[in-house]
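What follows is a set of notes on a single structure, which appears directly below.
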Amino acid sequence: MSTTGGTSGETAEVKQFLYHWGNRMEPDLATGHFAVMAQVLIGTTSSDLADSFDCVVCSPSWFAEWYSAERWDGDDIAEDVLPGGNVLPVTGVWLMRYWSSAAFEAGVHRLVSACSPAPDWGELANRIGRVLPWEYDYRHDGTVNQKAGLPRPDLSFWHGD
């Protein structure tokens, strides 16, 4: 999405919700053990364009099972553990006690509303991206650094040793 500005600023709006259940079907409402990849397309009220903001929406029980200590040494998540094996940063996770698309969508709408208005799309998306990861967050960081005459940030601090 292009960065636009003006004296009135930019206001965000949700364009579409997409749910990726993998090889599973959407569970019944109020299911207490679940996980889904959510892709939320968000743009501005002044454009039809949208960027993707993605997260895992899951129950605490699914989170505990998926990130159990036993799995740290396996192929599933070992590559995400920082060198030394004791730290696993987790971003882009929204926990829900039970599944409700209506409750998740209401939470996203509340977030989008709370972040608006902003001076331009980059700042608006950056604000939303603090809670709901934005597909262009690192590109935005690079642009901010470039404007300040700084080098692009190193995006891989995991295994660069």
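The values are calculated or read from the model by the stated rules, or taken from the named source; none is laboratory data. Computed from a predicted model, the values in this text were never measured in an experiment. All Cβ positions, even for glycine, are placed from backbone atoms using ideal geometry, and neighbour counts span all protein chains on display.
Observations on the structure shown:
- The one condition in (1) modelled with pLDDT of 95 or more; (2) over 20 Å from Asp137 (Cα atoms); (3) among the hydrophobic types (A, V, I, L, M, F, W, C); (4) part of a loop (DSSP other than H, G, I, E, B) that Ala106 fails to fulfil: (4)
- Among residues of the range 127-144, those that are within 11 Å of the chain's Cα centre (by Cα) and among the hydroxyl-bearing types (Ser, Thr, Tyr), counted: 1
- Scope the range 21-36; condition loosely packed, with under 11 Cβ neighbours inside 10 Å and not basic (Lys, Arg); matching residues: Gly22, Asn23, Met25, Asp28, Ala30
Results for (1) in contact with an Asp or Glu (Cβ under 8 Å, 6 or more places away or on another chain); (2) within 20 Å of Ala38 (Cα to Cα), shown as yes or no for each residue.
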position	(1), (2)
Glu70	no, no
Glu79	no, no
Leu88	yes, no
Thr91	no, yes
Trp94	no, yes
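- Subset of the range 3-25 that is among the charged types (D, E, K, R) and in contact with a strand residue (DSSP E or B) (Cβ under 7 Å, 6 or more places away or on another chain) - its residue that is farthest from Trp99 (Cα to Cα): Glu10
- Single residue of Trp62, Trp94 found to be part of a helix (DSSP H, G or I), hydrophobic (A, V, I, L, M, F, W, C) and surrounded by 12 or more Cβ atoms within 10 Å (Cβ to Cβ): Trp62
- Output for the range 28-68, where each listed residue is touching a Cys at 6+ places or on another chain (Cβ under 9 Å) and under 13 Å from Leu132 (Cβ atoms): Met37, Ala38, Gln39, Val40
- Considering only residues in the range 136-157 that are among the acidic types (Asp, Glu) and not in a loop (DSSP other than H, G, I, E, B), the one that is modelled with the lowest pLDDT turns out to be Asp141.
- Among the residues of the range 97-138, those that are surrounded by 14 or more Cβ atoms within 10 Å (Cβ to Cβ), among the hydroxyl-bearing types (Ser, Thr, Tyr) and more than 21 Å from Glu26 (Cα to Cα) comprise Ser116, Tyr136.
- Some residue of the range 34-45 being closer than 16 Å to Tyr98 by Cβ and more than 15 Å from the chain's Cα centre (by Cα): yes
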